[in-house]
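The block underneath contains the structure these notes are about, expressed in structure tokens.
The values are calculated or read from the model by the stated rules, or taken from the named source; none is laboratory data. It should be emphasised that the depicted structure is a prediction, and the values quoted were computed from it without experimental measurement. With ideal geometry, Cβ positions are generated from the backbone for all residues, glycine too; neighbour counts draw on all protein chains shown.
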Amino acid sequence: MGNKQWASLLGLANRARKIVSGEELVIKEIRSGRAKLVILSEDASINTRKKIQDKCTSYEVPLRQAADRYMLGQAIGKDARVVVAVIDEGFANKLMTMFDVSLWG
């Protein structure tokens, strides 16, 4: 699976208003229990990476990684984005499958 497939699906989720981007907004969604999947760019700062990983672990939210902030931002039609939360169960499940297939397949 290429990057274009998950990026296209993430863009569709964005147009459906089922994602939230930005560190503080994502943390708010994780705390509220609405975040079903968090996507973090590999080039995130150490502090941001630790904060997001710790929140995802403590609230049991799946975490996946995108190649870089520019790819993540481009997928949702915005500038560079370090972290994105998917708040829809269906989109989250399909995106997790796509990320896992690209990792292992």
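Could we say that G90 is surrounded by fewer than 21 Cβ atoms within 10 Å (Cβ to Cβ) and without any contact (Cβ under 8 Å) to a residue 24 or more places away in the chain here?
yes
Return yes or no: is G73 free of Cβ contacts under 8 Å to residues at least 60 places away in the same chain and under 13 Å from the mean Cα position of the chain (by Cα)?
Criteria met by G73.
Answer yes or no as to whether G33 is free of Cβ contacts under 8 Å to residues at least 12 places away in the same chain and of a type in the set (G, A, S).
No; evaluated as a whole, the condition is false for this residue.
Can you tell me which residues in region 75-94 are in a helix (DSSP H, G or I) and modelled with pLDDT of 95 or more?
Once the filter is applied, which keeps residues that are in a helix (DSSP H, G or I) and modelled with pLDDT of 95 or more, region 75-94 yields E89, G90, F91, A92, N93, K94.
Going through region 10-36 one residue at a time, which ones are under 15 Å from P62 (Cβ atoms) and in contact with a Lys or Arg (Cβ under 7 Å, 6 or more places away or on another chain)?
I30
Yes or no, residue by residue, for (1) more than 12 Å from the chain's Cα centre (by Cα); (2) of a type in the set (D, E):
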{"position": "W6", "(1), (2)": "no, no"}
{"position": "R31", "(1), (2)": "yes, no"}
{"position": "I39", "(1), (2)": "no, no"}
{"position": "D43", "(1), (2)": "yes, yes"}
{"position": "N47", "(1), (2)": "yes, no"}
{"position": "Q65", "(1), (2)": "no, no"}
{"position": "V82", "(1), (2)": "no, no"}
{"position": "E89", "(1), (2)": "yes, yes"}
{"position": "V101", "(1), (2)": "yes, no"}
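What is the one condition in (1) in contact with a helix residue (DSSP H, G or I) (Cβ under 8 Å, 6 or more places away or on another chain); (2) at negative phi that Y70 does not satisfy?
Looking at each condition in turn, Y70 falls short on (1).
Among the strands (runs of 3 or more DSSP E) contained in region 1-67, which hold 2 or more residues that are surrounded by fewer than 13 Cβ atoms within 10 Å (Cβ to Cβ), among the charged types (D, E, K, R) and modelled with pLDDT of 95 or more?
Passing ranges: none, list empty.
Does at least one position in region 45-60 carry a residue that is under 25 Å from K4 (Cβ atoms) and touching a Lys or Arg at 6+ places or on another chain (Cβ under 9 Å)?
No, the conditions are met nowhere in region 45-60.
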